[in-house]
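Shown next, in structure tokens, is the structure this report addresses.
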Amino acid sequence: MTLHDNMIEMGDRAVAAARALAVKSADDKDRMLAAMAAALEQGRGALKQANALDLEAGRAAGLSDALLDRLQLTDQRIDGMVAGIRQVVALADPVGALLEQKVREDGLVIEKRRVPIGVIGIVYESRPNVTADAAVLCIKAGNAVILRGGKEARHSNQAICDTLLEGGKEAGLPHGALQLVRTTDRDAVRELVQMQGRVDLIIPRGGESLIRAVTEMAHVPVIKHYKGVCHTYVDDTAQLEMALAICENAKCQRPGVCNAMETMLVHKDIAPQFLPRIAERLIARGVELRGDEASREIVPQMKPASEEDWSEEYLDLILSVRVVQDVHGAIDHIARYGSQHSDAIVSESADAQQLFLQQVDSATVYVNASTRFTDGGQFGMGAEIGISTDKLHARGPMGLPELTTYKYILRGTGQVRS
């Protein structure tokens, strides 16, 4: 059987499974997920054995210590996967929720209700825990899911998927509701993202190069964010102690993630007071500062920022710094260099706050808080499938409701249109 034929068969199985899942109750789905969690907990020995094969291959291939760490399945991380599934079980099922209802004069009832999307394809890299996270979120929202992980986690992903299937099958998981693309052939990704009529949505999780490659190949809608070039603007009315704490947290609390601050913008009138103090804090934390000319006049230790720095997602202890004229200058900078992910203003001016909220076109916009809160767990979603910077269907952290769409349901008593 060719790769194309094999992928088509997977798609057909997923479509049939999505129909079967659509009639499952919230209790039915929760039983499936609870059984999956129990299977993972009991099967940790096999998971670690499979993971050891990936780690051995990774070391032989020269993977960095950071990548090997992301790849490793420790008891703590397996416990985290199990706990994550049980958290999803505890979440409210969005399927069937009434979003809107109207009753026409003739008595015809028009309802707008949440329904599953159908079949979702997830393309991801490195972390094997994504196999469990993505699977259970999609199934809880009533969707069949086809997973395609990175080759570096091949054995781990297969072991996790097989364990989930073993537990889920005993609890009534429909055949084809959870499938893993097991070949390492890169053409499998192309096949998956072009299966119109069999796959309804693609969600890539990984680096910018993966997401761009998936988007360029896809014939199926893709929900994505390419990168997180997140900004914090410190206004001239900002409380200095608050601004110091927010900026330090946004940069240093976890610098290698997409919601960390990459550029700090400072009003010209507050820059002489603020920049030396924040620079002292950040340099003490190991941050390399790259500033424009005005910033470097105030803090000479800064390296000169290049044009490329303003649009760079460092994912590291590096920060670009620019002095701007006012809130309008900050908004203009973000519009030119930002990634529409997460941006913040620190200000006591209601006018400046409102202007920033209205004109910064990002998925998540903050007033007097760190950008590090852009996360499904922090938003009270329990878990997230990813973060979207798109404008259609879903934007920002994506939880269970974002894994549904809606349909109109009309209930009549014989009405006909005149």
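The values are calculated or read from the model by the stated rules, or taken from the named source; none is laboratory data. Quantities reported herein were computed from a predicted structural model and do not represent experimental measurements. Methodologically, a virtual Cβ is constructed for each residue, glycine included, from the backbone with ideal geometry; neighbour enumeration extends over all protein chains shown. Side chains included, ligands, DNA and RNA excluded: accessible areas come from the protein's heavy atoms. Shrake-Rupley method; radii C 1.70, N 1.55, O 1.52, S 1.80 Å.
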Please count how many residues of the stretch 382-418 are open to solvent by less than 70 Å² (accessible area, probe 1.4 Å), assigned to a loop (DSSP other than H, G, I, E, B) and small (Gly, Ala, Ser). 6
Filter result (open to solvent by 30 Å² or more (accessible area, probe 1.4 Å) and not in a helix (DSSP H, G or I)) within the stretch 364-381: 365, 367, 368, 375, 377, 378, 379, 380, 381
Of 102, 112, which residue is without any contact (Cβ under 8 Å) to a residue 24 or more places away in the chain and in a strand (DSSP E or B)? 102
Hey, residue 356 hits all of (1) exposed (fewer than 15 other Cβ atoms within 10 Å of the Cβ); (2) under 16 Å from residue 270 (Cβ atoms) but one; which does it fall short on? (1)
State all residues of the stretch 232-258 that are in contact with a strand residue (DSSP E or B) (Cβ under 7 Å, 6 or more places away or on another chain), open to solvent by 20 Å² or more (accessible area, probe 1.4 Å) and of a type in the set (A, V, I, L, M, F, W, C); if no residue qualifies, say none. 242, 258
Mind checking which pairs have a first residue in the stretch 202-224 that is more than 22 Å from residue 404 (Cα to Cα) and a second that is buried (at least 20 other Cβ atoms within 10 Å of the Cβ) and among the hydrophobic types (A, V, I, L, M, F, W, C), Cβ under 6 Å, 6 or more apart or different chains? 217/193
Before we move on, is residue 229 open to solvent by less than 10 Å² (accessible area, probe 1.4 Å) and hydrophobic (A, V, I, L, M, F, W, C)? yes
The stretch 113-125, subset open to solvent by 40 Å² or more (accessible area, probe 1.4 Å) and farther than 22 Å from residue 180 by Cβ, residue farthest from the chain's Cα centre (by Cα): 113
Which numbered condition in (1) modelled with pLDDT of 95 or more; (2) within 31 Å of the chain's Cα centre (by Cα); (3) not β-branched (Val, Ile, Thr) is the only one that residue 315 fails? (1)
Selected residue (criterion: modelled with the lowest pLDDT) from residues of the stretch 378-389 that are of a type in the set (Gly, Ala, Ser) and under 21 Å from residue 207 (Cα atoms): 383
Output for the stretch 318-332, where each listed residue is surrounded by fewer than 19 Cβ atoms within 10 Å (Cβ to Cβ) and either at pLDDT below 95 or under 21 Å from residue 260 (Cα atoms) (or both): 318, 332
Taking residue 48 as the residue in question, decide whether it is crowded, with 17+ Cβ neighbours inside 10 Å and closer than 17 Å to residue 153 by Cβ. yes
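Okay, residues lined up against (1) surrounded by 24 or more Cβ atoms within 10 Å (Cβ to Cβ); (2) under 29 Å from residue 38 (Cα atoms); (3) in contact with a strand residue (DSSP E or B) (Cβ under 7 Å, 6 or more places away or on another chain); (4) of a type in the set (Lys, Arg):
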position: 98; (1), (2), (3), (4): no, no, yes, no
position: 102; (1), (2), (3), (4): no, no, yes, yes
position: 106; (1), (2), (3), (4): no, no, no, no
position: 110; (1), (2), (3), (4): no, no, yes, no
position: 129; (1), (2), (3), (4): no, yes, no, no
position: 132; (1), (2), (3), (4): yes, yes, no, no
position: 146; (1), (2), (3), (4): yes, yes, yes, no
position: 158; (1), (2), (3), (4): no, yes, yes, no
Among the residues of the stretch 73-80, is any among the polar types (S, T, N, Q), under 26 Å from residue 221 (Cβ atoms) and open to solvent by 30 Å² or more (accessible area, probe 1.4 Å)? no
Given the residues 182, 198, which is the only one that is open to solvent by 40 Å² or more (accessible area, probe 1.4 Å) and either in contact with a Cys (Cβ under 9 Å, 6 or more places away or on another chain) or acidic (Asp, Glu) (or both)? 182
Answer with yes or no whether residue 344 is crowded, with 19+ Cβ neighbours inside 10 Å and aliphatic (A, V, I, L, M). yes
Taking the stretch 279-314 and keeping residues in contact with a helix residue (DSSP H, G or I) (Cβ under 6 Å, 6 or more places away or on another chain), more than 22 Å from residue 253 (Cβ to Cβ), open to solvent by 30 Å² or more (accessible area, probe 1.4 Å) and not β-branched (Val, Ile, Thr) leaves 311
